[in-house]
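All remarks here apply to the structure that follows.
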Amino acid sequence: MMGKQAEQPVFLYDFALDKHVPADHMLRSIDRFVELDEMRAKLAPFYSTTGRPSIDPELLIRMLLVGYCYGHTMESSAN
């Protein structure tokens, strides 16, 4: 089952990532150019309708891009 990232509730602290990431940060420039709006519809046939929800595919792609930009690979994390 395809997961979807939801807004997280505020618990005991008030923390907004947007306030802490500078406007000229590399990740903000990537976010402006990467459009993943249609990806969910294109990937839907590959997901089961039953079972536990997966990681949101948009979040997964974004995590892979960040890892690539910062030089993190699965091989480097295993060492």
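Values quoted throughout were computed directly from the atomic coordinates according to the rules given, and no laboratory measurement underlies them. Not measured: the values here are computed from a predicted model. Methodologically, a virtual Cβ is constructed for each residue, glycine included, from the backbone with ideal geometry; neighbour enumeration extends over all protein chains shown.
Largest first, please: the extent of the C-alpha atoms of region 17-78 along each principal axis, to the nearest Å.
If we take the Cα atoms of region 17-78, the spans are 41, 31, 19 Å.
So what's the net charge close to PRO22: Lys and Arg +1, Asp and Glu -1, counting the other residues with Cβ under 15 Å from its Cβ?
0
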